[in-house]
Amino acid sequence: MKQLFSVLIILSTLLIGCAEKKVVKPTEAPQPQTMEQKGKEGEASKETISEQKVAKVESKESPSKTEEVSGMFPDIHFDYDKYDIRNDAKPALKSVADYLIKNPSEKVLIEGHCDERGTSEYNLGLGDRRAKATKDYLLSLGVPSSRISTISYGKEKPLCDEHAEDCWAKNRRAHFVLQKKKGNIIKKRQSQILASDPISCAKCHKR
């Protein structure tokens, strides 16, 4: 009887030990990527990089809010080595001032230019004085200072390349570049109506 009891104890111990053992599956070694898979991953990474570059370029090249119009007003001219406003320039300056006063949303850039004689440094200074003298005259006609900017190109942008007095006289000038806001009032008004009442504005687009 004691022998049978001992055998039962041994069998139960063996069964409990077997139950506690865990089955561990062998880990599979990672399979090497095929050339096709590598190619697809390479294409995906290239697309991501190109999309990022395009996004950066688009953000840098956002359209300007103004457009520049050159040649709307005639140039005014100066005597040799002078920056005084001549009498023959005053009618042109009056037309520039009248236009700016009637169009308060627009601005003007005044470029100062010189002929080829003299050093580049001296002509840059002379061109700056000519541009500022032109601005001062427009201020005297009632144009606000905030709507006028100036720049000097010295002798770097001549209209005429001949080495003669007639050509030099054309290059001693102040040039006007009008800076206008893009878009038109009608489209802006329609967008405002659409934001407040999209149903009523549907008629605007059918016209």
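The values are calculated or read from the model by the stated rules, or taken from the named source; none is laboratory data. Quick caveat: nothing in here was measured; it's all calculated off a predicted structure. Reconstructed Cβ throughout: ideal geometry from the backbone, glycine too, with neighbour counts over all protein chains shown.
Take the conditions (1) closer than 29 Å to residue 182 by Cβ; (2) of a type outside the set (S, T, N, Q); (3) crowded, with 17+ Cβ neighbours inside 10 Å; residue 98 misses just one of them, which is (3).
Taking the conditions (1) part of a helix (DSSP H, G or I); (2) hydrophobic (A, V, I, L, M, F, W, C); (3) touching a strand residue (DSSP E or B) at 6+ places or on another chain (Cβ under 6 Å) in turn, residue 167 satisfies each one other than (3).
A quick yes/no check of all residues on (1) free of Cβ contacts under 8 Å to residues at least 24 places away in the same chain; (2) among the hydrophobic types (A, V, I, L, M, F, W, C); (3) closer than 26 Å to residue 67 by Cα:
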site	(1), (2), (3)
108	no, yes, yes
117	no, no, no
126	no, yes, no
134	no, no, yes
139	yes, yes, yes
143	no, yes, yes
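Those residues that are farther than 19 Å from residue 78 by Cα and more than 27 Å from the chain's Cα centre (by Cα), I need them from the stretch 141-167; list them, please. Result: 141, 142, 143. In the stretch 116-132, the qualifying residues are those that are among the hydroxyl-bearing types (Ser, Thr, Tyr) and more than 32 Å from the chain's Cα centre (by Cα), and the one that is surrounded by the fewest Cβ atoms within 10 Å (Cβ to Cβ) is 119.
Of the residues 135, 188, 180, the single one that is at pLDDT below 95 and either surrounded by 13 or more Cβ atoms within 10 Å (Cβ to Cβ) or touching a Cys at 6+ places or on another chain (Cβ under 6 Å) (or both) is 180. For the stretch 142-164, the tally of residues that are of a type outside the set (Lys, Arg) and assigned to a loop (DSSP other than H, G, I, E, B) stands at 11. Listed by first and then second residue, the pairs with beta-carbon distance under 8 Å, at least 6 apart or on different chains, first residue in the stretch 87-101 and under 10 Å from residue 137 (Cα atoms), second assigned to a helix (DSSP H, G or I) and at pLDDT 95 or above, are 90/137; 93/134; 93/137; 93/138; 97/138. For the stretch 77-132, the tally of residues that are small (Gly, Ala, Ser), out of contact with any Ser or Thr (no Cβ under 6 Å at 6 or more places or on another chain) and part of a helix (DSSP H, G or I) stands at 6.
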